[in-house]
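None of the figures in this text is laboratory data; all of them are computed from the coordinates on show. The shown structure was predicted, so the numbers you read here are calculated from the model rather than taken from an experiment. Counting neighbours? That spans all protein chains shown, and the Cβs are built from the backbone with ideal geometry, glycine included.
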Amino acid sequence: MTRPHRHPFVPYTPPRLPIDEGLDCGRAFHQHLDKRRSVRWFSPDPVPKEAIELAVRAANTAPSGAHQQPWRFVATQDPELKRRIREAAEEEERRFYDREIPEWHAALARLETDATKEFLEIAPWLVVAFAQKHQNGQKTYYTNESVGIACGFFIAALHSMGLATLTHTPNPMTFLTDLLGRPGERPYILFPVGYPADDCEVPDLHRKPLDEALTFVDGLA
Ligand code: IYR
């Protein structure tokens, strides 16, 4: 079929998988993702720069509003910078936990986390996803959704390499704009990246059952 395009288009004809193979892949992919956990205890073992590059290559394939790709990942393994980020994050977190309102307390209790964020210095890498609300003076569309999807791909890619991370969001985290020199960009998620520590533990949490995550509808409600 030839369509009258006004802009360049190219064919997209990935080979169609037989459905049995597709379902096998889907099952394997789910089983793989189901082993992922957010980690707060990291090993200091080094992780090669290429792993970060590969994870960001994966993130960079995410769909985005108007294909504006409104993200920028900033990665560091510099001990001094990590120390400064930890200090600033802990200062914000202490404020957060001091003014902690009861609903937060109840929601967060089972994570047993507090204002101490030593993982920010122990994990070999810190990677911050920044959201670009503007690009070249123009507003970006669906910025949060786009960066969120890219971060999901990033997390999945790290997991595929046997690496762990945490979607850490010190509140507020504007200090990252200055410390990492990204004026005009909004820090979105701070990811410590590394291998889980040998004695890593995670809260005994479970995925909600499929029937709470998925509803099929057969017609108008
Ligand atoms: N930012 C705080 C609090 C916190 C909030 C949520 I929502 C979490 O899932 C976990 C923690 C902290 O990092 O401790």
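With a length cut of 20 Å (Cα positions projected on each helix's long axis) and a Kyte-Doolittle mean of at least 0.5, go through the chain and give me the DSSP H helices that pass.
On the way: long enough: 19-34 (22 Å, -0.62); 79-98 (28 Å, -1.96); 143-160 (26 Å, 0.96).
Those that clear 20 Å and a mean of 0.5 are 143-160.
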Global size of the stretch 8-119 as Cα Rg and Dmax, reported in angstrom: 20.5, 56
Enclosed volume per residue, in Å³, of the convex hull spanned by Cα atoms of the stretch 1-49: 216
I need the peptides 93-100, 6-13, 59-66 ranked by packing, meaning the mean over residues of other C-beta atoms within 10 angstrom, with the highest value on top. 59-66, 93-100, 6-13
Could you give P(r) for the stretch 62-141, binned at 5 Å from zero, as whole percent values over all Cα-Cα pairs? 3, 12, 16, 14, 13, 15, 18, 8, 1
The stretch 142-179 residues near the modelled Ala66 label - backbone nitrogen below 18 Å, point 7 Å along Cα→Cβ: 142-148
Assuming a viscosity of 0.692 mPa s and a temperature of 37 °C, what translational diffusion coefficient in µm² per second does Stokes-Einstein assign to the chain, Rh being the Kirkwood radius over Cα pairs? 165
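Counting each pair of different Cα atoms once, what's the Kirkwood radius of the stretch 68-111 in Å, rounded to one decimal?
Numbers: mean 1/r = 0.0760 Å⁻¹.
Kirkwood radius, the stretch 68-111: 13.2 Å.
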Mind listing the phi-derived Karplus ³J(HN,Hα) values for the stretch 126-142, rounded to whole Hz, using 6.51, -1.76 and 1.60 with θ = phi - 60°, and x for any glycine or proline? 10, 10, 10, 8, 9, 9, 9, 5, 9, 9, 6, x, 10, 5, 9, 9, 6
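Suppose R0 equals 22 Å; then what is the FRET efficiency for Lys139 and Arg182 from their Cβ-Cβ distance, rounded to the nearest 0.05? Walk me through the numbers before you get to the answer.
Details: r = 18 Å, r/R0 = 0.81.
Efficiency at R0 = 22 Å is approximately 0.80.
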Roughly how many Å is it from the Cα centre of the stretch 154-168 to that of the stretch 1-74, as a whole number? 12
Please state the Cα pair-distance histogram of the stretch 113-221 with 10 angstrom bins from zero: what percent is in each bin? 11, 33, 32, 17, 6, 1
If we sort 201-208, 178-185 on the protection proxy, mean other Cβ atoms within 10 Å, highest first, what's the order? 178-185, 201-208
Helix-only CD estimate at 222 nm, as mean residue ellipticity for the chain, using -39500 (n - 2.57) per DSSP H run (n ≥ 4): -11500 deg cm²/dmol
Column: log10 I(q)/I(0), Debye, Cα scatterers of the stretch 160-221, q = 0.12, 0.14, 0.30 Å⁻¹: -0.62, -0.74, -1.22
